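Here is the structure we will look at.
Each reported figure results from applying straightforward, stated rules to the coordinates on display, with no laboratory input. None of the values given here were measured: they were computed from a predicted structure. Heads up, the Cβs are rebuilt from the backbone with ideal geometry, glycines too, and the neighbour counts pull from every protein chain shown.
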Amino acid sequence: MTLLEQKGEASAHLPVEHHQGPTGYYRWLSSTDHKVIGKNYMYTSLVFMLIAGLMAMLIRTQLASPNSTFVSQQTYNELFTIHGSMMLYLFAGPFAFGGFANYLIPLQIGAPDMAFPRLNALSYWLYLTGGITMLLGFFTASGAAAFGWVGYAPLSSSTNSPGAGPDLWIVSIALVGFSGIFTGVNLVTTIFYLRAPGMTMFRMPIFTWNMLVTGLLILIAFPVLTAALIMLYADRHFGTHVYSVKGGGSPVLWQNLFWFFGHPEVYILALPFFGMVSEIFPVFSKKPIFGYKGLVFATLAIAGLSTGVWAHHMFTTGTVLLPFFSALSLLIAVPTGIKIFTWIGTMWGGQLDFKAPLTWAVGFIVAFTMGGITGVFLASPPIDFATHDTYFVVAHFHQVLFGTTIFAGFAGFFFWFPKLTGRMYREKLAKLQFWLVFIGFNLTFLPQYLLGLRGMPRRIAVYATTDHFTFLNRLSTAGAYLTAIGFVVFLVNMWVSWRSPIKAPDNPWDGHALEWATSSPPPSHNFHKVPPIRSNRPTWDMNHPEHADGRVMTAAELSREVLD
Amino acid sequence: MTQAVAQRVAKPREPLRFNKPSMLGVGTMVWLGSELMFFSGLFAAYFTIRANRTGSWPPPGIKLDVLQTGIFTIILVMSSFTMQKAVFEAEHFRKRSARAWIVVTMIMGLAFLGNQAIEWSRVTFSQSTNAYGSMFFIMTGLHGLHVLLGVVAMAFLMLRLAGKKTDPGELAALQSVSYYWHFVDVVWIALYGVLFLLH
Amino acid sequence: MKRSTIKTARAEGNSPASRRVRWGAKLAGLAVGSVALAGCSPAFGAYRGATTQGRSTFHLFQGFAITAIFVGGITFGLLFFVLLRYRKKSDAIPKQRHSNVKIEILYTVIPILIVVGLFFFTVKVENKVDALNPSPNVKVTVTAFQWGWKFYYPATNTTVIGSIKHYPQLVLPEGETTAITLVSQDVVHGFYIPAFNFSRYALPGFVNHFDFTPTSAGTYIGRCSQLCGLYHSEMLFSVKVLSAQQFQSWTSSQAGKVTA
Ligand code: HEA
Ligand code: HEA
Ligand code: CUA
Ligand SMILES: [Cu+2]
């Protein structure tokens, strides 16, 4: 602890991560400080993202020409399975919930740390172990899991998918699931218990709200997946018949359990990023968030609805009640729309300062709105019959997933980068990366809508010349390469800011929430003093008393608050 | 967790109470919410399979000793009371008594597990006989694991309560284990109902 | 000084009259545009549907597409307007508006109405697509397996079996209703005919029923849409829609035969 304390103090002048000896790294690894763990999560998940992205490049290369033999069919199936699994389980969730939430929630609510710091460290190690376990699948004799990220029974049974690769996949997701559950417990307890005086629920920043709701969703969804995985493992190894027809089990049961987890999961992945942009739009518009309460209720509504729509992934099974699941799925458009309009409303009448975070956040709205609207198509069972398991779906979910995790994710990353590291990133490179990724992304996924409508199923390694899929697939592949160049620019950006740092001020953006009231990076106990909390943007109130949201205090009151 | 969350009221010999639940208690409650979902997943599987059945339920050839396990069910339920008693005693600074009640609880938990082991070895079907058998072993097995973890947690509690001094942290720990124990207990009642009684 | 800049900012940005005009123009333009589009019935890249069921699905898709263009148009219209109009011009602090209940209700209620409309048409089409004719003209049992299809015509005891080397052909009569019974021998497969705008899972241990009433003769490609293992991408078949007469002679020529 003492060393960490010193580190906190020292870093007010110079970020010290690179000036520590091996003991420093050891301390770093064994730390229970939420900021250290948060950063570990962030960097680890970004590495997983790049690896999964490289797999996507292989996928796209294979699909660039008909009858391609760039990779074998078996390898192809492994590639998209692990690409999807890594992106969702190892990147998107941990990046937001392990990384940003861990780092920011205690700061935003004025707490010294998470409720259970050691549990927090355990979460990270479970996550890292799980991640490595998943990748190990590629080194087994039978290869990695090759049944898609959804692992449908009975394809995932021991007869149809023998070998250690699938087992590693199961174990890996169970580990990452436990990690998520523990982080969920930790965050929810932290938010319930450790808010600074004055930080009422309705003064919490939207980011914190979204993380709270995400935490609750994790606690609802992941345990069901864990149960399903345990039964899958038992079926594979102990001869049970939960998912096999023989013996009286039910293959569709897996689908129900999986999607009961899987649909909330997609909102578990989306809500944190909604929270991030909800912090960014106000700051770069110099306005408060528009319709705060509406946003909170929309978030709660999304969470509530998202536990009741899982069977929209199963419309074509013929085993589910179509109108019910269709109606609830369509309804999710309403609270999600509220969010979109709230963000536009926040910018309305503002002074928009197009720094990289805002640019990326706008990219998020564009991508997400398109993907969300095509989600509404899929929520209509007849249209889903025509498009299910085609590239239309692939395009839909990449637009929403990429929109949230990459566009909103990088918006958040650049926004909080100065807070995290005490340094500034390079603005020009961040913008260049944005345009490369934005154009590349649209070029990758817009043609896929057409491919889907023209009948290209997903998860196929080869297609024929006569299918006339070639041209659109080439466009898509070109887009993916362009995106990759964008990420190379990102790596350059990080390299440059590492080698020749520019010191960041404590509050470079005139931020609103509490994390901007402490130093960059914050001291190990987070705050020397917490400013008075009278509204959902205490730092703004402190810096702009004449435009404060909260009641303006007398000088005496103020000094009393600040002193204690 | 030793965060100063407790405020002792007035005189030291009055029972130790909190003006709000301990942080560990809140965390435990939240975590038990996720445990509830975990067992809900298992119950959902059980009922799906039951709904898919072609014949009677449980399938022919499945015989269970409803009475014997019923008795051990009552023992497990009673162990919830002994655990609560331990909490009560600790709140009144009767640590020795609290420890004794924890030991009683542990014995009852172990007795329950013992019965389960005997049952597993005696039943005429296995996990691969049919889907009912699968669910029987998976559900009782995972529940048994929870009972075992509870007993292990109590063993750690015994170590923590070994000293003379009473700190709010140890009481919070005791309370949290008791929440968990009640939860495991309630889950068993539901399990007993669907696995042994439901036809 | 600060005060005055705030005032000007408000005067420029929030003149309600000019805003309303702009809004109205945009809405009208979009409405006209989408009606025009509907008039010439664009396909938006989708198949028009070679069965009566698929045709209904296509019309529903068109409706959704037009709604999407409308909703997307408004959303992006607002977004790009804001991005261009409210670019940072000075360091003045703009008006700190927290909410506007009227607008919030508006952007809650309008999407609800749209969604209710979409749901209404969804249910209508869904009932058509899923309707089962109690006395179909033809019955076919489709069995999916790794990695091929088996088509069985019980009336004439005709069997067609395919493999990954040799794609089987499903023959259907035009203008008549064929009832399909779909099962799987092993894992989950997806019985998918893009030109019919339709797919359905072949599930092990569960039997699915649905009807096709093809409207135009021709040969169409069919695929397995659900990942089913190694050769999932080569689990193809074709669908040949013959006139009722031709179909009659085909069935009689195939009676009792097994084609592999
Ligand atoms: C971040 C993740 C994310 C998000 C946010 C969403 C959001 C939505 N998704 Fe998506 N979805 C996925 C990730 C996500 N999805 C994934 C990964 C899959 C595939 C899984 C697999 O099979 O591998 C999938 C698949 C999927 C399916 C199954 C498709 C199939 O397999 O056949 C369906 C069907 O209903 C669906 C629907 C929706 C809907 C209705 C929304 C809605 O929440 C969208 C709401 C948003 C908007 C509508 C836009 C903004 C709103 C307005 C501007 C207001 C006005 C709008 C209207 C009135 C329409 N999704
Ligand atoms: C957050 C989620 C996410 C993200 C961001 C992405 C990003 C991408 N995805 Fe993926 N994808 C999924 C989630 C995601 N995907 C899921 C869930 C599936 C379903 C799986 C299944 O069917 O089971 C899927 C499936 C999927 C398919 C369908 C495969 C099939 O069905 O046959 C395709 C095909 O084009 C694809 C492509 C891409 C591409 C080109 C990108 C790109 O945009 C990626 C861009 C990133 C890079 C290009 C990385 C650049 C790397 C470097 C610069 C090198 C760095 C070097 C180091 C390691 C240090 N994805
Ligand atoms: Cu059969 Cu894919
Ligand atoms: Cu979903």
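Across all directions, the average flat footprint of the convex hull enclosing the Cα atoms of region A:308-387 is 6.1 nm². Any idea what angle helix B:95-122 forms with the longest principal axis of chain B, computed on alpha-carbon atoms, 0 to 90 degrees, nearest 10? Relative to chain B, helix B:95-122 is tipped by roughly 10 degrees. Which of B:20/B:85; A:355/A:428; A:246/B:63 have a Cα-Cα distance over 18 Å? Listed pairs above 18 Å: B:20/B:85; A:246/B:63.
Filter the cross-link list A:35/A:339; A:39/A:419; C:139/C:257 down to pairs whose alpha-carbon distance in this structure exceeds 19 Å. Before the final figure, lay out the partial values.
On the way: A:35/A:339 29 Å; A:39/A:419 11 Å; C:139/C:257 16 Å.
Distance filter (> 19 Å) returns A:35/A:339.
Here the scattering of region A:353-478 is modelled by Debye summation over its C-alpha atoms, one equal scatterer each and no solvent; at q = 0.09, 0.16 Å⁻¹ the log10 of I(q)/I(0) is -0.32, -0.79.
So, counting K/R as plus one and D/E as minus one, what does the shell of residues with Cβ under 12 Å around residue A:502 add up to?
On the way: positive: A:423, A:426, A:499, A:503; negative: A:427.
Once all neighbours under 12 Å are counted, the net charge is +3.
For region B:33-148, count all C-alpha to C-alpha pairs, find those more than 26 Å apart, and express that count as a whole percent of the total.
On the way: 2243 of 6670 pairs.
The proportion of pairs with Cα distances above 26 Å equals 34 percent.
Expressed to the nearest 5 percent, the antiparallel share of DSSP beta bridges inside region C:138-259 is 65 percent.
Longest exposed-loop-site-free stretch of chain A, with chymotrypsin sites (Phe, Trp or Tyr not before Pro), DSSP loop and at most 16 other Cβ within 10 Å? Don't skip to the answer; put the middle values down first.
Values: sites that count: A:70, A:238, A:354.
Excluding the exposed sites themselves, the longest stretch runs over A:355-564.
If a/c stays under 1.5 just call it rounded; otherwise compare a/b with b/c (prolate if a/b is bigger, oblate if not). Do that for the protein assembly as shown, with a ≥ b ≥ c from the square roots of the Cα gyration tensor eigenvalues. List each step's numbers first, then the result.
Working: a/c = 1.92, a/b = 1.16, b/c = 1.65.
Oblate shape, in that a/c is at least 1.5 and b/c is the bigger or equal ratio.
Working value for chain A: equivalent-ellipsoid semi-axes of 39, 25, 24 Å, each the square root of 5 times a Cα gyration tensor eigenvalue, largest first. The angle between the Cα long axis of helix A:292-306 and the main principal axis of chain A comes to about 20°, on a 0 to 90 degree scale.
Among A:460, C:103, sorting on how many other beta-carbon atoms sit within 10 Å of each Cβ, with the fewest leading, yields C:103, A:460.
Need the C-alpha centroid separation for region A:427-446 versus region A:106-181, integer Å. One Cα centre to the other: 30 Å. With a threshold of 20 Å on the Cα-Cα distance, the over-threshold entries among A:293/C:88; A:293/C:89; A:286/A:529; A:286/C:95 are A:293/C:88; A:293/C:89; A:286/A:529.
Averaging over all projection directions, the Cα-based convex hull of region C:138-259 occupies 6.5 nm² in the image plane. Pairing the Cα long axis of helix B:131-160 with the longest principal axis of chain B, what angle in degrees results, from 0 to 90 and rounded to the nearest 10? It works out to around 20 degrees.
Think of each Lys and Arg Cβ as +1 and each Asp and Glu Cβ as -1; about the Cα centre, that makes the dipole of region A:33-563 roughly 620 debye.
Give the order of A:104, A:194, B:198 when sorted by the count of other beta carbons within 10 angstrom, beginning with the fewest. Don't skip to the answer; put the middle values down first.
Numbers: A:104 27, A:194 19, B:198 12.
Fewest-to-most ranking of A:104, A:194, B:198: B:198, A:194, A:104.
Counting neighbouring beta carbons within 10 Å and listing from fewest to most, the residues A:502, A:230 come out as A:502, A:230. By the helix-only formula, in which each DSSP H run with n ≥ 4 contributes -39500 (n - 2.57) and the sum is divided by residues, the protein assembly as shown has a 222 nm mean residue ellipticity of -20500 deg cm²/dmol. Under 17 Å of direct C-alpha separation, and excluding same-chain neighbours fewer than eight residues apart, residue B:95 reaches these aspartates and glutamates: B:14, B:167, B:170.
Size descriptor for region A:236-277, Kirkwood hydrodynamic radius: 12.3 Å (Cα pairs only, one decimal).
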